[in-house]
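Structure, as structure tokens:
Only the coordinates and a few stated rules stand behind these numbers; no lab work does. Every value quoted in this text rests on a predicted model; they were computed, and no experiment measured them. Glycine also receives a Cβ, built like all others from the backbone with ideal geometry; neighbour counts cover every protein chain displayed.
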Amino acid sequence: MIDVENLTKKFGDLTAVDGVTFNVKKGEVFGFLGPNGAGKTTTVRMLSCLISKTSGEARIADYDVSDPADSLKIRKMIGLVPDDVGLYEELSAYKNLDFYGKLYECNKTQRTENIEHFLKILGLWDKRDVPAGSFSKGMKQKLAIARALIHEPEILFLDEPTVNLDPESSKIVRDFILELKKENKTIFLNTHNLDEAQKICDKIGILNTKLMATGTPKELEGSIWGSKTVIQLEQVNDVILDALKKLTLRNLIHDNNKLTIDVVNPEKENPVIVDAIVHAGGHVQYVTELSPTLEDAYLKLVR
Amino acid sequence: MKLWKSWVIASKDFSIFRKKKSIIYSVILLPLLISIGLPFVISASGQGGGLPADVLQSLLNAFSFFFVILAASLTTVIASYSLIGEKVEKSIEPLLATPTTDSEILLGKSFAAFLPPIASIYLGLAIFMVLIDKLTYNTLGYFYYPNWNIAIIILLVAPLSAILSVELGVILSSRVNDVRSAQQLGQLVIIPFFGIYILGEIGYLSLGINSMLIIAAILLVVDIVFFYISTITFRREDILTKWK
């Protein structure tokens with residue numbers, strides 16, 4: 001659905017996006033993670049045909065984003081929620097949506113039905129005649145999402161959709177994104193929020209001007225290191241450490257009475273390790289697995 | 001180009017203008033005050049009877065030109081709201097993301113900035129002409145308005161000066177961050193018009209038909225130059241990346 005190859009954007013001497021390559025399949029939620037200034041918004045703007053690319057290729061459903069003849073077709077099939085919601089504050093929620101419905105060339109029936117549908121789903125129907133300027137941040141964000149969906153686009157670009165929202169509003173927005181995922185919408189999500197990316201995204205790209213890594217959340221977590229097994233003992237002594245050294249473990253860290261051991265296959269290796277400790281006279285208090293998080297992966301890649 | 005899309009954008013702006021009291025007051029009250037105030041000056045000078053006919057005609061021509069100043073000035077006010085307002089409220093990006101061309105958006109914004117002041121000025125001019133005719137008929141022996149002079153103002157000079165203000169508004173939008181600054185800078189456009197008005201008032205320049213045609217021709221050339229500059233300024237990518 002979205003195919004990007006070696007996409008680059010330069011503003012004068014500044015390279016905002018540097019040779020990025022990735023693809024997003026239909027119905028997939030792709031999360032773009034990266035610090036401020038990493039080029040996330042610039043990438044979305046290039047894919048939305050709002051700004052031109054400097055080099056590389058980008059296609060949305062086989063339409064070329066750099067072809068002026070294709071740009072109107074692309075803009076018709078995508079919905080964009082920018083980082084600043086940009087609503088018309090003097091106009092009611094209904095009129096905001098109706099205006100965009102007209103520009104997206106929806107007929108009267110389609111506009112009426114979709115406005116009602118999305119405002120009801122997002123809990124804004126009762127406020128449809130209230131000026132958007134009087135809405136809370138969460139309500140404005142929801143209205144901006146409804147605006148992006150008014151023409152039933154196949155692809156939705158969301159640029160930091162839960163930034164500055166309270167936890168409850170963030171959850172509503174996240175749940176709604178998951179609902180859209182069920183409807184097989186392709187979603188491109190720019191976010192700082194690792195937890196959000198982990199919960200929502202099928203695939204994640206970590207961007208810091210260059211694309212540092214792409215993969216599923218699990219793949220990215222696993223790319224940092226394998227699993228670690230943490231064993232808390234009543235007391236660690238030399239006999240136990242000697243017994244473990246005989247197992248030729250890859251990495252053993254001894255901290256007070258806690259042992260942290262790198263393992264490749266925890267299911268096979270952990271029983272052997274525990275058995276060795278017990279035979280050496282050790283008393284195991286607990287055994288736990290230490291897995292790298294997406295945050296670990298992110299921090300390692302962007303630093 | 002789909003003209004209906006430009007009209008949708010302009011209609012949306014009209015809905016917003018209706019909610020802004022400052023715009024309503026500027027667009028409706030100002031032309032109304034001028035259309036009543038200028039005849040009041042004639043009335044105060046003895047219903048035109050206190051002035052010789054040729055002086056009266058020259059004064060009326062200068063007064064007519066006042067509506068050109070008004071057209072330029074009011075359009076600047078509206079253009080600032082229409083363009084900078086979109087920028088300030090950050091609504092420009094979702095608008096640009098719609099399947100609408102730069103030309104359709106620019107034309108829509110131009111309609112929004114141009115039509116309300118022009119409609120209001122035409123209404124003001126109608127009131128002005130009726131009142132002036134009523135006040136000066138006895139002195140002149142005929143109805144001074146309508147005449148070719150005011151026709152050129154209505155059909156050419158006022159619309160061309162309003163278009164100039166719209167174009168200036170577009171250019172200023174790329175450089176200015178708030179509505180008030182844009183309005184203040186935009187008002188510079190009235191300086192040459194005001195200069196012409198003063199010259200007409202003090203008798204250095206006849207604001208008759210020939211002068212009006214020359215002014216219209218100059219405005220047309222300036223409008224074409226500013227149109228070119230404003231279309232270069234109003235490009236999707238520049239709006240998002242270069243506009244301050």
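Structure values in brief
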{"read-out": "Those aspartates and glutamates that a straight Cα-Cα span of less than 16 Å connects to A:Lys246, excepting residues fewer than 8 apart in one chain", "value": "A:Asp238, A:Asp262, A:Glu269, A:Asp275"}
{"read-out": "A:Leu72 paired with A:Thr21, simple spin-label distance in nm, labels 7 Å along Cα-to-beta-carbon", "value": "3.5 nm"}
{"read-out": "B:Leu168, B:Leu155 arranged by Cβ crowding within 10 Å, fewest neighbours leading", "value": "B:Leu155, B:Leu168"}
{"read-out": "For the range B:175-244: rounded, prolate or oblate by the Cα gyration tensor [a/c cutoff 1.5]", "value": "oblate"}
{"read-out": "The range A:2-215 shape via C-alpha gyration tensor axes, a/c threshold 1.5", "value": "prolate"}
{"read-out": "Average Cα contact separation per residue, chain A, under 8 Å, 6 or more apart, as relative contact order %", "value": "20 percent"}
{"read-out": "Least to most buried among B:Asp102, A:Asp67 (fewest other Cβ within 10 Å first)", "value": "A:Asp67, B:Asp102"}
{"read-out": "Entries of A:Lys199/A:Lys258; A:Lys9/A:Lys140; A:Lys142/B:Lys20 with Cα pairs more than 29 Å apart", "value": "A:Lys199/A:Lys258; A:Lys9/A:Lys140"}
{"read-out": "Förster radius 25 Å - calculated FRET efficiency between B:Asp102 and B:Leu33, Cβ distance, rounded to 0.05", "value": "0.10"}
{"read-out": "DSSP-defined beta bridges in chain A - what % are antiparallel, rounded to 5", "value": "65 percent"}
{"read-out": "Structure-based [θ]222 nm, the protein assembly as shown - -39500 (n - 2.57) summed over DSSP H runs of at least 4, per residue, nearest 500", "value": "-18000 deg cm²/dmol"}
{"read-out": "Which of A:Glu221, B:Glu93 has the fewest Cβ neighbours within 10 Å, and the rest in rising order", "value": "A:Glu221, B:Glu93"}
{"read-out": "Cα centre as origin, Lys/Arg/Asp/Glu Cβ charges: the range B:3-241 dipole, Debye", "value": "560 debye"}
{"read-out": "Peptide B:85-94 - average C-beta neighbours from other chains (10 Å radius)", "value": "6"}
{"read-out": "Rough spin-label spacing in nm, given labels placed 7 Å along Cα→Cβ, for A:Asp195 and B:Lys2", "value": "4.2 nm"}
{"read-out": "The range A:2-215 - charge dipole about Cα centre, Lys and Arg +1 at Cβ, Asp and Glu -1, debye rounded to 20", "value": "140 debye"}
{"read-out": "Net charge contributed by nearby residues that have their C-beta within less than 15 Å of A:Gln285 (K/R +1, D/E -1)", "value": "-1"}
{"read-out": "For the protein assembly as shown, the spread of Cα positions along each principal axis, largest first, Å", "value": "126, 50, 43"}
{"read-out": "Extension reserve of the A:Leu247-A:Val278 stretch, reckoned as 0.36 nm per residue once the Cα distance is removed", "value": "9.8 nm"}
{"read-out": "Point-to-point label distance, A:Thr293-A:Glu116, nm (Cα→Cβ direction, 7 Å offset)", "value": "4.5 nm"}
{"read-out": "Length added when fully stretched, A:Glu234-A:Lys108, from 0.36 nm per residue minus Cα-Cα", "value": "38.0 nm"}
{"read-out": "Inter-centroid distance (Cα atoms) of the range A:270-303 relative to the range A:165-198, Å", "value": "32 Å"}
{"read-out": "Between helix B:3-18 and chain B: long-axis angle, C-alpha atoms, 0 to 90°, nearest 10", "value": "70 degrees"}
{"read-out": "Point-charge dipole on Cβ atoms (K/R +1, D/E -1) for the range A:207-303, about Cα centre, debye to 20", "value": "360 debye"}
{"read-out": "Shape call, chain B: gyration tensor on alpha carbons, a/c limit 1.5", "value": "prolate"}
{"read-out": "Using a Förster distance of 35 Å, the FRET efficiency for A:Leu178-A:Lys210 (Cβ separation, nearest 0.05)", "value": "0.75"}
{"read-out": "Percentage relative contact order, the range B:3-241, counting C-alpha pairs under 8 Å, at least six apart", "value": "31 percent"}
{"read-out": "Dipole axis of the protein assembly as shown (+1 Lys, Arg; -1 Asp, Glu on Cβ), positive-most option in A:Tyr298, A:Ser55, B:Ile202", "value": "B:Ile202"}
{"read-out": "Degrees separating the helix A:137-149 axis from the principal Cα axis of chain A, which is the longest one", "value": "70 degrees"}
